[in-house]
Amino acid sequence: MKLLITGGAGFIGSNFIHYWLKKHAGDQIINLDSLTYAGHLESLKDVSHRHHYTFVKGDINNSELVDSLMSQVDIVVHFAAETHVDRSITDPMIFTRTNVIGTQTLLEAAKKYGTRFHHISTDEVFGALKLESKNKFNTKTRYQPNSPYSASKAASDHLVMSYHTTFGVPVTITNCSNNFGPYQDTEKFIPRTITNLLEGKNILIYGDGKYVRDWMHVEDHCRAIELVLLKGKVGASYTVGGMNKDVSNLEVSKKILKIMKLPESRIDYIKDRPGHDRRYAVSWKKINKELGWEPKEKFSKRLKQTIDWYRANEWWWKDMKVKSEDFYKTK
Ligand code: NAD
Ligand code: TDX
């Protein structure tokens, strides 16, 4: 098979390319990425020499380029997006351009060539759950996005499904919860927390820290995408999440401190994020029942591996960290 991966220089995209080339060594991958601040080719240095892998620097909004790449492939896995909620508060317009118009540009080409299209989306399209509730998001949950980021992802999901219903494009969608693991930009909570501690700084917790995220390891996510690509029902969406009971940002911080043998006095509380979603929790019953997927390793084991990875790969994050902290200073 020949796959077009968009946003392959980002966190999940680069993990997916490593995963796919390891499991499907005969397949060809074209990685289309415009290398925004979030694109890091260093994440792919292990595979960049492989003749099964081609990198194309370009924008998903460039319809001519997208058309020519689409004509060469069997499947698109669409990761490219603006992804940081905090940035969608300071600079929302780019989120619509990339996440909505960019997705539609790809869909137009997929429509022309009848290409199988898998869209990577988020649980944030469903809005927020109450802290005290036991509810989980599932594929029937009503869309109720709160941030410009989640609103743009919600719009893109609707466009993807509309191209299936109206034009018969063979699409699938996965809406997954918060990922963590290697190659995640230091702007995001878990890598920011780990790298702050490695640099001798404190953890910065927004608001009261009683915000719950459904953490899942990026490799579990890659395996879910693989199953949906190979066996998923065309026209369907799947919600994908972790194996945790509810764990708050504060609890995650304390777990990291414990693994790193540091005291809880290393936590600072800072101004809350506007419109901060209180709780996410995702049911993965459907993908479990239909495709046999489940998360593999415990959160604490994966967290330790992730801390070890950031400790061993300072070369990868040191310069990026300066840039992500510069962004936070402008907020
Ligand atoms: P990321 O921010 O790490 O990477 C995004 C990549 O897209 C970067 O390489 C960037 O250069 C590229 N890109 C941005 N705009 C582009 C454009 N116009 N044309 C081409 N490339 C462009 O993102 P991530 O965390 O890896 O997320 C990947 C996908 O997964 C996104 O669609 C995101 O909404 C979704 N998602 C992420 C999470 C998470 O926890 N990280 C959870 C749920 C869903
Ligand atoms: O320094 C911080 N302190 C803090 O308390 C940062 C960066 C975040 N937080 C909080 C905000 C959230 O409650 O931690 C939680 C996680 O924050 P992020 O890593 O920014 O992730 P989130 O906003 O939950 O969104 C992520 O998961 C869903 C991804 O960025 C999205 O792309 C994905 O769709």
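Brief remarks follow.
- Placing R0 at 41 angstrom, the Cβ-Cβ distance between MET1 and ALA312 gives a FRET efficiency of 0.80 after rounding to 0.05.
- Among ALA224, ALA151, ALA312: highest mean-square fluctuation, GNM of the chain, C-alpha pairs under 10 Å: ALA312
- Full-extension gain in nm, LYS210 to LYS298, via 0.36 nm per residue minus C-alpha separation: 29.5 nm
- Of all accessible heavy-atom area on the chain, the percent that carbon and sulfur account for (1.4 Å): 52
- Under 5 Å, built H, 5+ apart or other chain: amide partners of ARG273: GLY207
- Shape call, region 1-90: gyration tensor on alpha carbons, a/c limit 1.5: oblate
- Here the Karplus curve 6.51 cos²θ - 1.76 cosθ + 1.60, taken at θ = phi - 60°, turns the phi angles of region 322-327 into couplings of 4, 5, 5, 6, 4, 4 Hz, with x standing for Gly and Pro.
- Here's how it looks for PHE55: its modeled amide H is under 5 Å from those of ASN31, which are all 5 or more places away or on a different chain.
- Taken about its Cα centre, region 56-101 carries a charge dipole of roughly 80 debye when the Cβ of each Lys and Arg holds +1 and the Cβ of each Asp and Glu holds -1.
- GNM remark for the chain: springs join alpha carbons under 10 Å apart, and the peak mean-square fluctuation among LYS321, LYS188, LYS22 falls on LYS22.
- For the options SER150, SER177, SER162, a Gaussian network treatment of the chain with springs between C-alpha atoms closer than 10 Å singles out SER162 as fluctuating the most.
- Computed packing ranks the peptides 255-262, 232-239 as 232-239, 255-262, most packed first, by mean other Cβ atoms within 10 Å.
- Our estimate of slack between LYS201 and LYS331, defined as 0.36 nm per intervening residue step minus the Cα-Cα distance, is 44.9 nm.
- Principal axes of region 168-285: Cα extent on each, largest first, Å: 54, 28, 24
- Cα gyration tensor shape of the chain, rounded if a/c is under 1.5, else prolate or oblate by comparing a/b with b/c: prolate
- Summing charges over all other residues whose Cβ lies under 12 Å from the Cβ of LEU198, with Lys and Arg as +1 and Asp and Glu as -1, gives +3.
The values are calculated or read from the model by the stated rules, or taken from the named source; none is laboratory data. No experiment lies behind these values; they were computed from the predicted model shown. All Cβ positions, even for glycine, are placed from backbone atoms using ideal geometry, and neighbour counts span all protein chains on display. Please note that ligands, DNA and RNA were not included when accessible areas were found on the heavy atoms of the full protein model with its side chains. Shrake-Rupley method; radii C 1.70, N 1.55, O 1.52, S 1.80 Å.
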